[in-house]
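Quick note: the coordinates plus some simple rules give every number you see, no bench work behind them. None of these values were measured; they are calculated from a predicted model. Cβ placement follows ideal geometry from the backbone for every residue including glycine, while neighbour counts extend to all protein chains displayed.
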Amino acid sequence: MTAKLDLFKIAKEEQEGDLFKYLDGIFKRSKIQPRGISDAVIWEGGNDAGGVKPVAHALTDTFALNGTIMALDVLGLPFLGIPMMAQYRHDTKLKPLEWFGKMDYTCLKWSTAGDFMVNDGGKKVVVAGKSANAPLRTAAGVYCNVRPYGSITSIRFMPGLPYSQDNKKFVVDKATGNIHSEMNTPGVRMAYAARLFLKMVHETGQIGRVATKPTQAKEDAVNAGIMRWLLQGTKFKLKRQYAVDAYEEHKENVDAIAALLPKDFKAGMESWGGDIYEHISDTNFGLLLHDMMNQRGCIVYATDLDGDRLTDLMADAPDVLRAWGQLVLDHAKAGKDMKQVWKEMGFTMTNGKDMTSVMYRMEGAPIYEQTLGSADAMLLRLLAGDETVGGTKDPYDPRIHFVLINEAYKAANPGNKQLADWLDAQLATFDKIYSSGKRPRYIDGYNQLKAAIKPWGTK
């Protein structure tokens, strides 16, 4: 077993010390720099045995940061770390967001519900909530976010909100493809997201559901128009369609965006096919419940905001369905536990905490992402000495860190079966420790994982 990190000390430093200085004393500065940047702070560590390519990790806040460091220490995989803690991020005017966004590596990022409280001259202040999201997506050139969960996969165009209705402001800039409305939406990114949606429908054979608001919002009208333009000349079948062809209605604006795309943008699409259903976005809530209950594979395309709502449905619905199922079982006096029946029926969704997402970039490898909204509360419970809050709460479950690492390192090292098998084995070890009765407290769980797992590249 390798030497242990003082995870509690890391948590304390974040609350009342100098976390950057402390981590800078733990990790080695790397010579690797992001594309076009020469002064970024990048840390490195782990073992690159077997030629394993590292994954770049955003070290953000609270348990997102602490859990990442813990998992990397346990697994011993090669990594690059970018300091993106709230206070450091803002003290450096968000420069770490640009560093991270321009890393030519598969990356792993966490989003918290809001920036953490930081120590500013002896006073704790909250620094700009959600500041790590939109600027990063812009810096990284992200065009969509893909979230699979159970039988449903959500594709969210980013950044984009289906709101603008001001005809006076609505125009597409022919030089950039940006839709100049209230949101200033990048139309080129929209086209890339729509194409990825169709590609996934074609390759999986699953239903494709288009969830936009073409009659209610100008950005979504162009969005729907791009989708119709892409469908031209393909073998896709529109099983349900909007009353108006959005491409014909917004042809001038769509064509202005299409003119900026690579000449081979639609190459090969003539052979793509599948079933496409166009819906007003809000109707997808009910449809997806049926898709989920019937374990019907489908892929949903939506804008950022509506995609977020659909993601929330995907995350919350399994708990509701299991609760309803238990009521039915109890009424029928079946004497069965719905959680076990759920597994027996082949459902894989748990409580949404295992939901992962992949942000696709115009350039560079994908970014894996996880939202951890309650991380700050859990960190405070650890520091207060009672993770269970008098037995009313469960200690932190760091499984998602190991799930994300599993997926990101496989993506960064395609075809490395030895690594893939090893990653799966370590995830199984994690599940054995954390599923064997009462969930261990955070530090106890770390100690058990350290004892049970030999880091990558060690004998």
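Among the trypsin sites (Lys or Arg not before Pro) in the range 314-365, those located in a DSSP loop and surrounded by at most 15 other Cβ atoms within 10 Å of their own Cβ are K333, K336, K353.
Ranking V172, P262, A221 by how far each Cα lies toward the positive end of the dipole of the range 149-318 (charges on Cβ) leaves P262 at the top. For L260, the shell of other residues with beta-carbons less than 15 Å away shows a net charge of +1, using +1 for Lys and Arg and -1 for Asp and Glu. Which distance in Å, rounded to a whole number, links the C-alpha centroids of the range 67-93 and the range 423-459? Each part's Cα centre sits 20 Å from the other's.
What 222 nm value per residue comes from the helices of the chain, counting each DSSP H run with n ≥ 4 as -39,500 (n - 2.57) and dividing by all residues, nearest 500 deg cm²/dmol? Mind showing how you got there, number by number?
Details: 17 runs with 194 residues, N = 459.
Calculated from helices alone, the mean residue ellipticity at 222 nm is -13000 deg cm²/dmol.
Among S154, S436, the order by Cβ neighbours within 10 angstrom, fewest to most, reads S436, S154.
Cα centroids of the range 291-321 and the range 220-256: 24 Å apart.
Neighbour counting of Cβ atoms within 10 Å sorts the residues K432, K53, K459, fewest neighbours leading, into K459, K432, K53.
Taken over the C-alpha atoms, the range 149-318 has Rg and Dmax values of 15.2, 46 angstrom. By the Stokes-Einstein formula, at 1.567 mPa s and 4 °C, the chain with its Kirkwood radius over alpha-carbon pairs has D equal to 55 µm²/s. Placing unit charges on the Cβ atoms only, positive for Lys and Arg and negative for Asp and Glu, gives the chain a dipole magnitude near 700 debye about its Cα centre. Taking Cβ atoms as reference points and 14 Å as the exclusive limit, the residues near G25 contribute a net charge of 0, counting Lys and Arg as +1 and Asp and Glu as -1.
Farthest toward the positive end of the dipole of the chain, out of A452, P54, V146, is the Cα of A452, where the dipole comes from beta carbon charges about the Cα centre.
Here the mean projected area of the convex hull built on the C-alpha positions of the range 1-76 is 5.9 nm².
Sorted ascending by nearby beta carbons within 10 Å, beginning with the fewest, K235, K417 become K417, K235.
When the dipole is taken about the Cα centre of the range 166-294, and only Lys, Arg (+1) and Asp, Glu (-1) are charged at their Cβ, what size is it in debye, to the nearest 20? Spell out each step's value before the answer.
Numbers: 17 positive and 17 negative charges, 41 e Å.
About 200 debye.
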